[in-house]
Every structure is written in structure tokens, then in C-alpha cells.
1. Which residues, taken from the stretch D:282-301, are out of contact with any Leu (no Cβ under 9 Å at 6 or more places or on another chain), touching a residue at least 40 places away in the same chain (Cβ under 8 Å) and either aliphatic (A, V, I, L, M) or open to solvent by 10 Å² or more (accessible area, probe 1.4 Å) (or both)?
2. If you go through the stretch A:158-166 one residue at a time, do you hit one that is among the basic types (Lys, Arg), under 19 Å from the mean Cα position of the chain (by Cα) and at pLDDT 95 or above?
3. Go through the stretch D:1-10 residue by residue and tally those that are within 7 Å of chain C (Cβ to nearest Cβ) and aliphatic (A, V, I, L, M).
4. In the stretch C:87-104, how many are over 25 Å from A:ARG228 (Cα atoms) and either modelled with pLDDT under 95 or surrounded by fewer than 23 Cβ atoms within 10 Å (Cβ to Cβ) (or both)?
5. Mind listing whichever residues of the stretch C:255-281 are touching a strand residue (DSSP E or B) at 6+ places or on another chain (Cβ under 9 Å) and open to solvent by less than 10 Å² (accessible area, probe 1.4 Å)?
6. Within the stretch C:297-335, how many residues are among the hydrophobic types (A, V, I, L, M, F, W, C), assigned to a helix (DSSP H, G or I) and within 25 Å of B:LYS126 (Cα to Cα)?
7. Could you identify the single residue in D:GLN141, D:GLN75 that is at pLDDT 95 or above, under 30 Å from D:HIS233 (Cα atoms) and more than 23 Å from the chain's Cα centre (by Cα)?
8. If you go through the stretch A:139-152, how many residues are over 29 Å from B:TYR226 (Cβ atoms) and buried (at least 19 other Cβ atoms within 10 Å of the Cβ)?
4 protein chains.
Amino acid sequence: MCMHFMSDNAASVHPNVWQAMLAADTPDAPYDGDALSAKLDEAFSDVFERPCWALWVASGTAANCLALATMVPPQGGVICHREAHIETSEGGAPGFYTHGAKLMLADGEGAKLTPAAIQDVIEPIKPGVHWVQPAAISITQATELGRVYTSAEVTEIGLLSRDRTMWLHMDGARFGNAVAFLRCTPAKLTCDAGVHALSFGFVKNGGLGAEAIVFFDEGLADIARYRRKRAGHLQSKGRFLAAQILALLDGKLWLENALAANEAAAIISQGAADRLLEPVEGNQLFLRMSAAERDVLRGRGFAFYDHGPDGARMVTAWDSRPEDCRAMAEAIAGL
Amino acid sequence: MCMHFMSDNAASVHPNVWQAMLAADTPDAPYDGDALSAKLDEAFSDVFERPCWALWVASGTAANCLALATMVPPQGGVICHREAHIETSEGGAPGFYTHGAKLMLADGEGAKLTPAAIQDVIEPIKPGVHWVQPAAISITQATELGRVYTSAEVTEIGLLSRDRTMWLHMDGARFGNAVAFLRCTPAKLTCDAGVHALSFGFVKNGGLGAEAIVFFDEGLADIARYRRKRAGHLQSKGRFLAAQILALLDGKLWLENALAANEAAAIISQGAADRLLEPVEGNQLFLRMSAAERDVLRGRGFAFYDHGPDGARMVTAWDSRPEDCRAMAEAIAGL
Amino acid sequence: MCMHFMSDNAASVHPNVWQAMLAADTPDAPYDGDALSAKLDEAFSDVFERPCWALWVASGTAANCLALATMVPPQGGVICHREAHIETSEGGAPGFYTHGAKLMLADGEGAKLTPAAIQDVIEPIKPGVHWVQPAAISITQATELGRVYTSAEVTEIGLLSRDRTMWLHMDGARFGNAVAFLRCTPAKLTCDAGVHALSFGFVKNGGLGAEAIVFFDEGLADIARYRRKRAGHLQSKGRFLAAQILALLDGKLWLENALAANEAAAIISQGAADRLLEPVEGNQLFLRMSAAERDVLRGRGFAFYDHGPDGARMVTAWDSRPEDCRAMAEAIAGL
Amino acid sequence: MCMHFMSDNAASVHPNVWQAMLAADTPDAPYDGDALSAKLDEAFSDVFERPCWALWVASGTAANCLALATMVPPQGGVICHREAHIETSEGGAPGFYTHGAKLMLADGEGAKLTPAAIQDVIEPIKPGVHWVQPAAISITQATELGRVYTSAEVTEIGLLSRDRTMWLHMDGARFGNAVAFLRCTPAKLTCDAGVHALSFGFVKNGGLGAEAIVFFDEGLADIARYRRKRAGHLQSKGRFLAAQILALLDGKLWLENALAANEAAAIISQGAADRLLEPVEGNQLFLRMSAAERDVLRGRGFAFYDHGPDGARMVTAWDSRPEDCRAMAEAIAGL
């Protein structure tokens, strides 16, 4: 049997999600005209303690790129980290959705942006038409290296974006894990901190095929609705996407799932304290590990990704079994 | 209780589809690296009796537009009917996916293209860079007015497309209904007739959120795979889309469902023979009907769309209940 | 020797334009940083009696499409006449510049739009994301069939565009000819009538390779400047484009040239009164003429285009020689 | 009086170019249907000693981006130097023309790419749809830092591009200066070395507003013709662009002009040998120079750009006067 720590993006679907989907299997209006889709805005407004506008889409790539496309004109730019998913792993989707806007890459420890790093990108850009002018900042929470922005850190970036008249987008594919780590309110990390649009990830956290784009600006949401249709992401049986999201919002199941995933990662990290390349702040572990050592683990039934020639990347999910995590921790400790 | 004949696009999901999805809820590789997605090419090759390459996507709009985007350069054109879904109802998605290629509109009875109608579009186009040159033809099977192209009719268009070095795409959102009506092999209507890519619809026919783009040309499929990712349509839990499609292909459930939908339409049409605006060749009915008459029907619990000021559009689905259809037929007959 | 009535788009360059270009051949700042480019806004503000913002570009296609691209989001539409140059003759350039926005075709006599014809396009468009929503209207002055909108006619369209919150663009490739025909102020036909951006044509009217996009809205101009660079239309020796335009504005040479072209057309029309397919309101003539008759004229040294199987299109220019026009008039009369 | 060493992009126009333009001022067919445009292919085939296909456009940005757009699919990438003009200075034009393809940045001394630097970009790119796959390489000759690729160096890159099935583009805004420096045949640096398309710059070298895209592959040229029109770059009086280019090709005037510009730079460099940040291989000089020193020079009437906080960039042109260059050399030596 394989103990799976490849990625949370292929984890199983939470029973409540299945139940909600099955319950949604009655005729209703197509697209987002159904009763469940109609509840989304209110449900997220509850989560974020202020009015917000939410759209379901099928993938994180679609969520990120639709959000950015509403914010950035084709001739503009998006400042993001060199390791950002939108830069490294989305097959050029931002270029497609934004009609050729430019990703402008910043550096920063743990794949985190800082105001200083953003300034380093902005400073050399001269005013005028020869140079692409940045129109938005995109940060990932938790980052691609498993790190979490504190509310204060997001707020600093939010202030900078406000001062520079740029929009602020948060790729929250693992937003739940970040909230679970910080144990603060979702609002503190987003709208209160100056974020205008959040890709709120559910697929990695118990969902099947539904993410939410949560807008804290109604004008952006209005544009996004048109662009979602234009991108073929307005599914006709949208009620099944709304059902997934509502099931995960209900009783904060999303947070419960994220806590479970983080806890699972914490268990593994106990056996790997001296190998950590990054602090474990969510459900991702980056470990120093030779190829030979990786072979040993894989030989024992553990599945995970390489992280460069001398590292390993392990990701836990809401359904990771504690006993598997303990076994992994022991196996690592015994290397 | 409402008897629902609005559109098949919001019909319920077939139990076999649910079963297959639930069965797919075990860890596997993400995206289309899973065991189920790997079976698609073979499964469709069986259906079409020749090698083909198939990609799942979440919507018919995505299927159509991805197919066209692989066929048509940005500076080219797509000949389609004035009533084609890609022209009338997809929010400009073809313009997005093809990067601005032009839809070139042809006329034709029943929303069907003919070689003559296509020639009428082509003829006035002068050679040279000032005029957009058509690179593909797109036909809808069954059409937006519920009509079906015979194999001979598709073949004629296929020959024209070959002679003019244009690709031929078929929007098969209701492909099953067309096959069910003609009772011919799927191949006869597609690859044998010169079709290069088919949007094979499942969502309207018992699926939840999965359509297939079936390519009869490997080069097109290779491009489409990149473009699917780039459009955010490569879902990470793609196994659930593959599961839906395989369940509907299994034992020709797709055909069985389509036959049931067509049969349901036939029942209604028995009460409406003198009102038919179009022959009923699938699961769509277009009836002459005054506003007052529509009110009567709606008052009796029937839901359906207007079709212009003096018409009604009714669509049956795999799950339409024969008793509801009989009730509708009687109600219409009694108007 | 050939007497040339093919198109004004290849006419000769006015001596004053040459002189101004030669005079501009001293070092200055590149792009639009030079002293001549800096004068454009003021020069056009004089012409239009109100503040306006003007950009030079090399072609009418670039002028039209840049203007539209600043007005219309990719998911939007542009209402134009079925015979509009942007629809028929620009090789899909609007699709490129607008990132796939849709041209929505209206009918109308003489290639002129009317409020009623525009309403006929708008009316069937339902609100909502499935249907492309129009964001601008584009009219051609003088039209592709040589007809001229009166100030009152433009104003009516301007009011409609205002009521519907759409921008109004005027393709003025032959704007001078329209002004010359109406003998009204340029403002009356544009900004006073609700036009937001004008492609002011100079190439057909004595220029070499410079058109102006005149914006009556500063925000649009600001966007257009970035998009011009992005389209490769910010030439480094832009001073030579500014020089051409200033030379043609100086002393209203553009109007003098247009009057000469119109007068030349009037001369020809005197021999062709019974053949006119359209009233002659500028410098274009559309005549009923059989293939055999066309052959006769061509045999006598006259060059012009066919206009369908039984017609001829003749265009005069600022440099058409009256004696050639009289010869043409006589030749036609003698057919 | 100002002694101008800002950029060659605003230099004066060569008398032969004026003469050719004035001579072209007779009626001819519009666009590229005229007699002069028809000569371009042959004229460049002579220069490159093999069949080639050439298109005029108005700017280097248009030349570069049209070339790349014919080579790279929207989902693909272009490998170029971090300092490449297409990356730093074209306002996002490559994103516009290629519909969002990705520029993939390589490092290298003197803004020159090497096979090793290109490999460093390629190596980490995994196969598969999640990662943008490079489809072309673009090099600048001479580079943005005034350096020149030898024929052997281009050939090495050409071989790599061939092995990896990538196209090779050369931005030759200062191609003449490179040929003048190396005193080799143009073919040796381009088609013989594996280059598929060259942006052959004339504007910086005595032209007014005409560059050539020279294709060594007919299929690419066929696509580019459509895309040129679509980008609004098919000027109606194209004969004046062809005239410029033919005048500069005639008797190798382009080479003569480039030699003059290089010689002018050599004169300046004689006074600045100990300040050179880059070897002077063409007509650009990059000098170590403090702000105070720059002020001194500017006080004496010399115009040039800063190059970072402690440097100066000076560019000579075909019309730089030797006495001005000597004065500059002396002034620098005397700092």
C-alpha cells in the first residue's frame, strides 16, 4: 500500500462534499442561476465579515488568472514572486487571460514577497510607454514553499499597493492552511489587509472541482463574471460547484480540514527537524534529503516529490492518516 | 410540482455517473495523469473505430473553443451558422480562445450549413491579407434548432473543407441525440465524413461536468493539451471527469440516454404535430405558440423557454418522465 | 499615360508635406518627445475648438483599432455597419487590437448607421454574460459608399451612445471630404455631436504615412499612448509624422485638398448623372457600368475598380487633374 | 550648439533616402503592390546570397514582434537575454503580438547569449503542459551593450536551436554596425548560421521610418504578411518604405553608413580607453563616469544618456561629425 504525500491537489473528497453534491441533484436553473450559487455571496460575506462577491470556477489556475485579468490591462504588469505558481506552473495561463500582461518577478525568502522586494521591482521601471507599468501584486498564501504571511505582512504589502494604486491579489490555493496556522480571522489576512481579490482554494482541502474567487470590490466581480463565461468556466450545472463550496464553508469544515492537514505535517516534521529547508507553517514540508535516502523511503511505500537534487517535498492533506505520518516521521528519523 | 422542459443542460446526473465518480475517490496522480484519464483515448477509439485522442473539459464552451483554437490561427476565420451556439451564446469565448479570429456567418434552414451556404460565405472573400481567410468550418450536431445532419450531409461539408484546406469541427453538445435519431455509427457522422474534431457532449446527457474533445488528428490534440492547461481547464482531480465520461461510454449508456430523451420529445410532439416550427429530430421542440397559450401551460406546471414572441422551445432530457411528456402533449393538444 | 481613379490611398504627397518633412530633418528627441509632436494637441484643439489629445500613427487601420481598443473591453462589442472598413477590409485587425471583441453588424442605406439600425442590433441582446454586450459604436465619415453623415445625424447617434453608455468612434479616413461637403465646422461633426475619438485621415489627403487619432477624452488618450507603443506604432522618428500632420493642418490645407478632391468627383459625376448608384457627397463615385463599358474606359487609359459585376468605383484625390476628370466625364457620357 | 550622442534612433535621414522617397512620389498600386515593394525580395536575396522574403514595417518593435509572432505559438516561449530590447524596452509588445507567449530570460556577458546560458534556461523546464515550452531564441546583433556576435557564435546558437527544434530570430536594429565591425558577409551572420528571421534595421542607419523583416523561410513570411496587415503595419503608401530600404541597400549604403558610425565611436573611445565598461564593437559606448563628470560634459554641449548611477551611454550615428567625436574624446580624456 502506498502512503501518499505527493500533493494535496489529488486528495480524496470529503464525505460532506459528496453528500452536498448528491443533494444538489434536483432540477434547478443552469449556470449560476440556481439556489445554491445564489447563496455564495452571503456565505463568503459571513466568512469575511463584510460584503463580498464570489464566483466558483473549476481550478486554481482559472481562479488566479480570472482575478488578475479583471485587475490588469493587457499593457500592464503583475508583480509576483519568482517562485509564484502563476509564474512557474500554470503553462502561461496568466499571459492568456490577461492578453499578454507581464509577470514581474521579485525575490524573497520562502517565496514570500516583502515591500522592499516589491520596491526593488518597481524602482527601476521608468514612467512612460516604453516600460510595462505594474498594475497589481499577487502573493500566495501559504506560499509555494509552505510559508505563511502574517496579517501584518500582508497589511504592509496592502499599504504599498494602495500607495502605488495597484490591486492586490492573493492566491489562496492553501488559504485554509494559512488561516489554520495563524489562527486569525480570514478577514485579517485579506480584506482588512488590503487584498482586493482572493483565490480561495477548496480542491486541495476536501473539494472535488470547485474553487472560489472572492472579490472585495464589486466592480471587479462584475467584470469577472463576463470573463468567466468567456473562458468557458461557467459550467451549466454550476449548482454542483456551489454545493461543494457551501459544504466546506458550513461549520468551518474548510478550517477543520486545514487544521488536520497542518497537524499531519507537524507529525512528519517531528522526525525531520534537522532536515527542514523551510519552517513548517502549513501542510508542506521541504526537507534536505539525498537521492539515496529518497529511494529508501520510497522503497518503504512512501510517495512524495523530489525537491531539487538533494531535497524532498512532502504535502499532507485533510485525509492524511496520522499513522502514515508517524510512520513517515520514524522512517525519516531512521535514515 | 414542476415538469421541467427548460433545457437538458441542467438535467440530473445519471446514477452510473455518480457511482463512477464515487469509485474514483481514491488517491491517484493529479491532472490527467490518473488511470481513468489514461483510458479515454482507447475508449473513444473504440467508439469511433479508429485511433483518436480525447481530452476532458468542464464545459461545452471550453470544448468548442479549445478545438477551434487549435485549428484556426488568430488571423483566420471560422465559418459557422448564424444561429451557431459559438456565435450567439458563448459570450465571445471563441474570440478569446482563438485570439481574435473571426466568425463568418452562413445561413441555412434549421440552423444547418450546406456546401452552398458555405460557398456563399467563401466566394466574396478575395485572396490577400486585407480579408480574413477562413481556416475552419464548425457545424452543430444536432443543431440549435434541433435538426440533424445526415452522414451524407456531413460528408459533403467534409469534402468541401478538404478541398479548401479547412478544418472541420463538430459541436456535438447533443451528438448523442443525433446518433440516436439516425441510428448510424458515430464514425459515419464524424471521422468518416471528414470531421477533424468533435465536441462530444455528456453534460446534457447524464453527466455532471465533463465534456470530451475528440480529435481525429493527433497534432491538433497535442496542441489542445497545452491550451487546455493554459485556459485553466486541466483540473487537478481530472479523474472525476474521466470517470463521468467512461461511465457514459460504458455499455453505450450515452446512446441509451439520448434515445430516452429523443423518445420523450417524440411523445410531446404527438400532441403538437400542427404546431411544429421544425421537424423533431432529437430532443428539442420548437412550437408555434402564443403568449396566452404559454401562460396556460405554465399555469399547469410546465416549465419551458419562449422562442420568439409566438413560439415555445421545449427540451427533453434522459431523465424526462414519460408521464410528464404525455401530460404536456395532452395539454398542448387541448390548447 | 494612365488617368488614375483607383483610390486616394495611393495618391501623391503634397509639396507642403514634403517641405515640412525635410525641414524636420534635424536632431530632436525620439518617439513623440520632439518639438513637432508636442504641438499636436494644441493644433487639434484649435481645429476642434476644445481641448483634445492627438496621437500620430502610420495607418488608418492602426488609428481605428487603437481607438477601439481603448474603448472596448475584450469581452465587449462594437456596433458598426456591415460595410464598415473595420469589418470588411482590415484583415481582422480589430480582433487583434481589442483582444477578440466582437463586431456587431448593422444595416443601413449608403453604409450609414441610423439610431434605428443600431437599436435593431441592440434590442435582441439579452443582458447577461452569455451575450456579448456592445461597448462602442463606430461610424465612418464619409462612408465606404461615399455618403456623409450630417451633423444632426451624428448627434442622434451620439445621443443614443450616451444613453446606452457606449463610446462613439468615427473612422474619418475621409473626414476632410465630409467636412468639405457639408461646409460645417469639424467640431459640429465630432465632439459637439458626441464623438469620443476620431481617426482623422491624412494619408488619403496629401499625407505620406501619418494619420491622427484625436481623442476628446483624456483618459482614452492616456491608454492609447501605451497601446500605440505596444503595437509597434511609436516610431522613433515620429517628428516626421507630426510634421506631415502639422503641414496639412496649417492654413487648413487638409480642407483645401479635400475640396479639390470633391470638386474632381463632381466633375466626373456630371457625365454620369444617370448612372449614380449613390449620391456623390465626397470624392467617391459608384456607377452602374457593365463589364463591356468598363473595358472601353480602361482601353482609353482610365484606371478604377470594379464595384460588383455591374458597377464601377472611382475615387478622386487632392491631386486629380481637372482635365482628366473632364475626360472621364465625357468618356462615361459617351458610352 | 548641441553635439548629439543620445541615440542613433533619432539621427538624420540620408540624402539618398530623401531622393528615393521623392522619386517614389508617382502614382502606383497601394500597400505592397507597387513596383518598389516588389523588388525587396530580390534585393535582399542579393544581400544574403540566397532566396529570402522581406517585408517592410515602420519600426523595430513591429519587426521584432511580427517575426516572433510567426514563430511562437501563444502557449510557447522565447528565450532572450535579460537585457534584450524586447524584454526591457518595448512596452510589452511581444506579449501583444504573440498573444501572451513568455519571454524566458537568460544571462550572459555583454548582453550576449551563449549556448550554455540558453541551456541554463532550458534545462529546468520539464516537459509537459504545466511549463511553457520555448519555441524560439531571439538574439540582438549588435547587442544592447554594443557587443557583436561572431559568425561562429551565432552558428553555435543556430545549431542549438536546430537541435531543440526552435526558431532563431535576430534583432538587427544595429545589424549594419555588426557587419561593419566584423567585415564578414551578411549571410555568415544570419542564414548561414541558422537564423530564420532577421529584423534588419534601417531607421538608425540613415532611414526615416522603414525596417525590414527578412525571412529565410517562406512559410514564416507568408504568415507574417497577414499579421502585418492585422497589426495596421501595411501602410497604403508602402512604396515610400520600400524606397528607403532600396536606397540604403543600393551600393551597400547601409554598410557605408554603419562603418561611419562605428568609426565615429572609435574616435570617442580613443579618449576613453580606461573608462570602457564594454569593448566598443559598433557604435555604442558604455563608459564609467560619475554624475559630476557627466555634468561637465553636458556643460560643454554634449548630449548623451546616463548608464546607471556611475556610467554614460553614448551612441554615434552615420551622420556623427568626426570633429564632434574628437571634441568628445578630448573632453573625456580631460576629465
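The values are calculated or read from the model by the stated rules, or taken from the named source; none is laboratory data. All values derive from a computational prediction rather than experimental measurement. Neighbour counts run over all protein chains shown; Cβ positions are idealised from the backbone, glycine included. Heavy atoms of the whole protein, side chains included, go into the accessibility calculation; ligands, DNA and RNA do not. Shrake-Rupley method; radii C 1.70, N 1.55, O 1.52, S 1.80 Å.
1. Listed by number, the list holds a single entry, D:GLY301.
2. Within the stretch A:158-166, the subset among the basic types (Lys, Arg) is A:162, A:164.
Checking the rest, the ones that are also under 19 Å from the mean Cα position of the chain (by Cα) come to none.
The answer is no; no qualifying residue exists.
3. Restricting attention to the stretch D:1-10, the residues satisfying the condition of being within 7 Å of chain C (Cβ to nearest Cβ) are D:4, D:7, D:9-10.
Filter once more, keeping what is aliphatic (A, V, I, L, M): D:10.
Looking only at that region, the number is 1.
4. We begin by selecting, within the stretch C:87-104, every residue over 25 Å from A:ARG228 (Cα atoms); these are C:87-91.
Now narrow it down to the ones that are either modelled with pLDDT under 95 or surrounded by fewer than 23 Cβ atoms within 10 Å (Cβ to Cβ) (or both): C:87-89.
Residues in the stretch C:87-104 being over 25 Å from A:ARG228 (Cα atoms) and either modelled with pLDDT under 95 or surrounded by fewer than 23 Cβ atoms within 10 Å (Cβ to Cβ) (or both): 3 in total.
5. Within the stretch C:255-281, the first condition is being touching a strand residue (DSSP E or B) at 6+ places or on another chain (Cβ under 9 Å), and the residues that meet it are C:261, C:265, C:268-269, C:272, C:274-278, C:280.
Within the stretch C:255-281, C:ALA261, C:ALA265, C:ILE268, C:ALA272 qualify.
6. As a first pass, look at the stretch C:297-335 and keep what is among the hydrophobic types (A, V, I, L, M, F, W, C): C:297, C:302-304, C:312, C:314-315, C:317-318, C:325, C:327-329, C:331-333, C:335.
Narrowing further to those that are assigned to a helix (DSSP H, G or I): C:297, C:325, C:327-329, C:331-333.
Still in the list and also within 25 Å of B:LYS126 (Cα to Cα): C:297.
So the count comes out to 1.
7. Working: D:GLN141 fails: more than 23 Å from the chain's Cα centre (by Cα).
Going through D:GLN141, D:GLN75 in turn, the sole match is D:GLN75.
8. Residues of the stretch A:139-152 over 29 Å from B:TYR226 (Cβ atoms): A:147-152.
With buried (at least 19 other Cβ atoms within 10 Å of the Cβ) added as a condition, the list becomes A:147-149.
Here the count works out to 3.
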